[in-house]
Amino acid sequence: MTRRELLASGFAGAVMLVAQGKAMAEARTVRESVDHLLLGARDLDEGVAWLDSRTGVKAQPGGGHPGVGTRNALVSLVGRQYLEIIAPDPAQSAFNFNIDLRGLAAPRLVTWAVSTPDVDATAAAARRHGLDVFGPRDGSRTRPDGSVLQWRSAGVKASFAEADVDPVPFFIEWASSSHHPSSDAPAGCRLVDVTIAGPDPVKLKAVLASLGVDAIVAKAAHPRLSATLDTPKGRVTLQ
């Protein structure tokens, strides 16, 4: 899964429920909200080896993102959650991903995605809060086996991102015809917790809370994401 233009500056969003034709916000913790985490790497093979050395699980190639210049490999985190290693695709001549993965000194978490059953309602909620919405937009990816995954995604422009990390998510609604990537990605890891930090934790927490993500945000000089996993090699924290 990629976000192309959706990660321009940063995202805040909502998880929505639809009842009797009305979208109603339901707050969830960051841990509960995660659809997938994006681990950026300058080279996909390097990213796969880096994660394998720490967790004991080798990510499975997922496919390329035509026109974006990236490709990925995936690891299941159990319960419709997964980790996506995303890196430049040497088969593509242009690189249009909004975070320049080519400059990363080592693999790191660069952003994350939140699941939503109704991305249109999510986008509408963001607009009601006066935020600048990107999408919803259609997305797809052809897997190595030739099958196609389809989704719709949306994000909100914010001011929390820096060059190599965006601590607030974009939002994804998977097509009913597409299986969730976690269902057949390599198993062995489980998501325990996700923490968020940034220079203005009060503002970031308020934006997320107003749109349905109940986050504990720590103070830090620069934005940061951290994820704790249970793995075959024990408990591991990725940053």
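Quick notes
- Note on the stretch 50-100: among residues that are under 19 Å from the mean Cα position of the chain (by Cα) and acidic (Asp, Glu), the one that is surrounded by the most Cβ atoms within 10 Å (Cβ to Cβ) is 84.
- For the residues 169, 223, the requirement of being crowded, with 21+ Cβ neighbours inside 10 Å, modelled with pLDDT under 90 and not β-branched (Val, Ile, Thr) singles out 169.
- Of the residues in the stretch 86-99, at least one is under 30 Å from residue 210 (Cβ atoms) and either out of contact with any strand residue (DSSP E or B) (no Cβ under 8 Å at 6 or more places or on another chain) or outside any loop (DSSP other than H, G, I, E, B) (or both).
- Residues that are among the basic types (Lys, Arg) and outside any loop (DSSP other than H, G, I, E, B) within the stretch 134-173 comprise 137, 141, 152, 157, listed in sequence order.
- Within the stretch 175-188, tally of residues that are surrounded by 19 or more Cβ atoms within 10 Å (Cβ to Cβ) and part of a loop (DSSP other than H, G, I, E, B): 1
- Put simply, of 229, 238, 191, 211 the only residue that is among the hydrophobic types (A, V, I, L, M, F, W, C), surrounded by 14 or more Cβ atoms within 10 Å (Cβ to Cβ), farther than 18 Å from residue 109 by Cβ and touching a residue at least 24 places away in the same chain (Cβ under 8 Å) is 211.
The values are calculated or read from the model by the stated rules, or taken from the named source; none is laboratory data. These numbers were taken from a predicted model, which means no experiment stands behind them. With ideal geometry, Cβ positions are generated from the backbone for all residues, glycine too; neighbour counts draw on all protein chains shown.
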